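Colleague: Have a look at this one.
Computed from the coordinates by the stated procedures, all read-outs in this text should not be read as laboratory data. What you see is a predicted model, and the numbers here were worked out from it, not measured in a lab. Here the Cβ positions follow ideal geometry from the backbone for every residue, glycine too, while neighbour counts run over all protein chains shown.
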Amino acid sequence: MRRILIAACLIAKVCLAARPVIFDTDMGNDIDDALALAMLHALSDRGECELIGVTLTNANPAAVPYIRMINRFYGRGDLPVGSAIKELKGGAGDGYMTAALRTAPAESAKAAEPAPALLRRLLLNVREKVVIVQTGFSTNLAALLDSPEGIALAKEKVALVVAMAGNFTGREPEYNVRIDVASAKAVFEHWPTPIVFSGFEIGRDLLYPSGSIEHDFAYARTHPIAESYRAYDKMPYDRPTWDLTAALEAVRPAHGYFGRSEPGTVLVESNGSTRFTPGKGDRQYLRLDPSKRAEILEVLALLASQPPARR
Ligand SMILES: [Ca+2]
């Protein structure tokens, strides 16, 4: 009986292979992308997901080398990185990347594949459906939909998109939507699988504690994530956890950290504001129960600061 149980557990473990995750990011414009990438490495180390690639929507020349440097720090230097296909006005910042690269060893100057081509290649090659965590502009996902058989590929290979985008409690256009409105409109209105949104209001109400940067990353003499955080603004400061909340929900949807709206549709207005209509549709947005704030912040800081398992 015991042997049968052990065999069943082993089979279950093999069958429950970690969900592949693609991180689509505008790394460099704000610091939360860096913390979210650190979290996805930690969750991959824990076997809760498998980060299979990073695609960029920030065309700043420091973005590809920076992400390669972070991936190498976490023992995944070979992870494919796709470069942004266009420079978007107001979306090509370097708030910390060059500064952090100064503290890290030199990186190979190997040219990166364009992000939508990498996205296609990753989707064509995966056997299991992936989750895409989109924490920047919708440029790459829109380009995928626009490519030959792109809609069919997304439908066949993507289980879910979790996007940090939109504003579901106010009328103000959210940054990730505003910088590339046409792409956001194409993706949020026409993407063929469910999308869960972590809206502006979620990260705004969960501030990453600067104390975590001071203490939790001290296991490395120069930690690229802590160096980035210090370079981005004058310490100490607590920054909204926009992209971190999207990464958490993407990998741990069953934990119930957040509530979810009823399903519906999301329309994108020409100014970039988002309008949710409940009813038909498979879009949902996250809701934050203030009594869960302390627990969620603790989990975010724990995961973002977890030492690499592979070094
Ligand atoms: Ca971002």
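Colleague: Determine the calculated [θ] at 222 nm for the chain from helices alone, applying -39500 (n - 2.57) to every DSSP H run no shorter than 4 residues and normalising by the residue count; nearest 500 deg cm²/dmol.
Modeller: Rounded to the nearest 500, the figure is -12000 deg cm²/dmol.
Colleague: Right, another one. Could you sort 65-72, 146-153, 296-303, 179-186 so that the peptide with the highest average Cβ count within 10 Å comes first and the rest follow in order?
Modeller: Ranked by mean Cβ neighbours within 10 Å, highest first: 65-72, 179-186, 296-303, 146-153.
Colleague: Sticking with this structure for a sec: Could you compute the FRET efficiency for residue 129 and residue 252, with r as their C-beta to C-beta distance and R0 at 22 Å, rounded to 0.05?
Modeller: That pair, residue 129 with residue 252, gives E of 0.85.
Colleague: Given Cα pairs under 8 Å that are at least 6 residues apart, what percent is the relative contact order of region 36-137?
Modeller: Relative contact order here is 30 percent.
Colleague: Give me the net charge of residue 99's neighbourhood, meaning all other residues with Cβ under 14 Å from the Cβ of residue 99; Lys, Arg count +1, Asp, Glu -1.
Modeller: Local charge sum for residue 99: 0.
Colleague: Using a basic spin-label model with each label point 7 Å from the Cα along Cα→Cβ, how many nm lie between residue 219 and residue 151?
Modeller: With each label placed 7 Å out from Cα toward Cβ, I get 4.7 nm.
Colleague: Let me ask another. Which net charge results when you count Lys and Arg as +1 and Asp and Glu as -1 among the other residues whose beta-carbon is under 14 Å from that of residue 152?
Modeller: Charge balance in the 14 Å sphere: +1.
Colleague: So if I place +1 on the C-beta of Lys and Arg and -1 on the C-beta of Asp and Glu, and nothing else carries charge, what would the dipole magnitude of the chain be about its Cα centre? I want it in debye, nearest 20.
Modeller: Once rounded to the nearest 20, the dipole reads 900 debye.
Colleague: Right, next: Quick one: if you take sqrt(5λ) for each eigenvalue of the C-alpha gyration tensor of region 23-304, what semi-axes come out, biggest first, whole angstrom?
Modeller: Ellipsoid semi-axes (Å, largest first): 26, 23, 18.
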